[in-house]
1. Looking only at the range 67-83, count how many residues are of a type in the set (S, T, N, Q) and under 18 Å from ALA256 (Cα atoms).
2. Could we say that LEU154 is under 23 Å from LYS297 (Cβ atoms), in a loop (DSSP other than H, G, I, E, B) and in contact with a Gly (Cβ under 8 Å, 6 or more places away or on another chain) here?
3. Please report, ordered by residue number, the helices (runs of 4 or more DSSP H) entirely within the range 42-111 with at least 2 residues that are closer than 23 Å to GLN282 by Cβ and not charged (D, E, K, R).
4. Please list, ordered by first then second residue, the pairs with beta carbon atoms under 8 Å, 6 or more apart or interchain, first in the range 361-383 and more than 22 Å from ALA144 (Cβ to Cβ), second crowded, with 22+ Cβ neighbours inside 10 Å and of a type in the set (Lys, Arg).
5. In this structure, is ASP316 part of a loop (DSSP other than H, G, I, E, B), charged (D, E, K, R), open to solvent by 30 Å² or more (accessible area, probe 1.4 Å) and over 30 Å from GLN63 (Cβ atoms)?
6. Collect the residues in the range 367-414 that are in a loop (DSSP other than H, G, I, E, B) and either buried (at least 23 other Cβ atoms within 10 Å of the Cβ) or touching a helix residue (DSSP H, G or I) at 6+ places or on another chain (Cβ under 7 Å) (or both), keeping them in residue-number order.
7. Which of the residues belonging to the range 138-167 are over 20 Å from the mean Cα position of the chain (by Cα) and over 24 Å from VAL361 (Cβ atoms)?
8. Search the range 263-293 for residues being among the hydrophobic types (A, V, I, L, M, F, W, C) and part of a strand (DSSP E or B), and hand back the single one that is farthest from GLY187 (Cα to Cα).
Amino acid sequence: MKRPLRGAVSSFALLTGLVLAVSSCGFGGSKSDDSDPNSLSFLAPIYSDSTKSEWDKIISDFQKQNPDIKVTLQMESWDSINDVVRTKLQNTSTTPDILNIDAYSSFATDGKLYPATDIVEPSVISDIQPGFAKNASINGTQWALPLFASTRTLFYNTDLFSRAGITAPPKTWAELTDVAKKIQALGGDISGYGLPLGSEEAQGETSIWTFGAGGNWSDGDKITVDTPQNREGVAAMKAMSQSGATQPNPGATNRADALNAFYQGKIGMIEGLPPTIGQIAQKNPGLKYATAPSPTKSGDPVTLGVADHLMAFKKDGKKQAAIKKFLTYFYSPQVYSGFVKSEHFIPITNTGMQALADDPVTKAFAATLPVAKFYPSNNPKWAAAQGAIRQQIGTIAQGADPASVLGKIQQAAS
């Protein structure tokens, strides 16, 4: 899941008239009536160009079956949603009833959320794969509902590989650097490796490298940022950024921009997500590419796994019944599997995995789950660490010392 899962994970919107009110951006737009137990506000991020239309249909169909419940949707980009959440949570009247985001634990430990068992029927809870349920739990209580999963894998341009005389994808960091330099040498504004360290989702790229060095972001209930393994991973990432084999200015490049350059054939290799497959088919179906495990220090496979979450704020407790109806409807097998397929992620329910067993994304990425390490999203301090990574890690591309940067991030999570 970001994160997630982002091109990360999602947005929901629609309809019209008296049945549905929608806010599409910013702080304006329609507002649900916070005093009405059947009026729900829903804040969600945008995952793809089709996210809005998918949520439009889901909400519309739900409204037809439950005309007494009104759902007001506000969608935000991943660049802005964290700031929007912080602002909205300053007042109970503006706090969303339902939120789709990655980290949930700080809201849970502050006593703001319903337990997951209060916001969906038991059949939904039992359908969630155990590993994802555990990652959505604190001290044995599940506080969030995993939305879907995402892992990363190396996408590479086979045409550029052929032109550069490369016969196999890299398995180690040393091989990655060597291959990237050969592709960079082709010229013509071609970059060897896409390294997005901008604030959109720097924690994603960084995790691939720190995990590749044997690092972790947590140890038990402690957030562990400044460790020897993490320093080694960030130092290797810094070396790549200064190798001359990446796109210009990696410290300020966001993932979406780097992926778009890959789609256009301007980057030889990049860490991609499940939706990358659909984006290539949409934006440049003629692109010749293949995938391979993410390179690591030793060559042993490991990757980043992300699960974004849905959560519900209890406020005065009057909206529980309406929330439960909506979220239970969403997780019904047909509705849920349709949404996951459209967004090109990996399902986290058993029925969803069965329904999408033949889907190209599930086939390509489900096998990466056994070697995936996940963000410690059940730790309340992870949100602060994640925010600090987004703001700080790009400075290594301008020469900042990895140990110093990780020390600052560790302080933010303390």
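1. Selection size over the range 67-83: 3.
2. For LEU154, the condition - under 23 Å from LYS297 (Cβ atoms), in a loop (DSSP other than H, G, I, E, B) and in contact with a Gly (Cβ under 8 Å, 6 or more places away or on another chain) - is not met.
3. In the range 42-111, 51-65 are the helices (runs of 4 or more DSSP H) which contain 2 or more residues that are closer than 23 Å to GLN282 by Cβ and not charged (D, E, K, R).
4. THR368/ARG152
5. Spelling it out, it is not the case that ASP316 is part of a loop (DSSP other than H, G, I, E, B), charged (D, E, K, R), open to solvent by 30 Å² or more (accessible area, probe 1.4 Å) and over 30 Å from GLN63 (Cβ atoms).
6. Across the range 367-414, the qualifying residues are TYR375, PRO376, SER377, ASN378, ASN379, PRO380, ALA413.
7. ILE138, ASN139, GLY140, THR141, SER162, ARG163, ALA164, GLY165, ILE166, THR167
8. Here the residue is ALA292.
The values are calculated or read from the model by the stated rules, or taken from the named source; none is laboratory data. What you see is a predicted model; the values in this text were computed from it and never measured. All Cβ positions, even for glycine, are placed from backbone atoms using ideal geometry, and neighbour counts span all protein chains on display. Accessible surface is based on the protein model in full, side chains and every heavy atom, while ligands, DNA and RNA are left aside. Shrake-Rupley method; radii C 1.70, N 1.55, O 1.52, S 1.80 Å.
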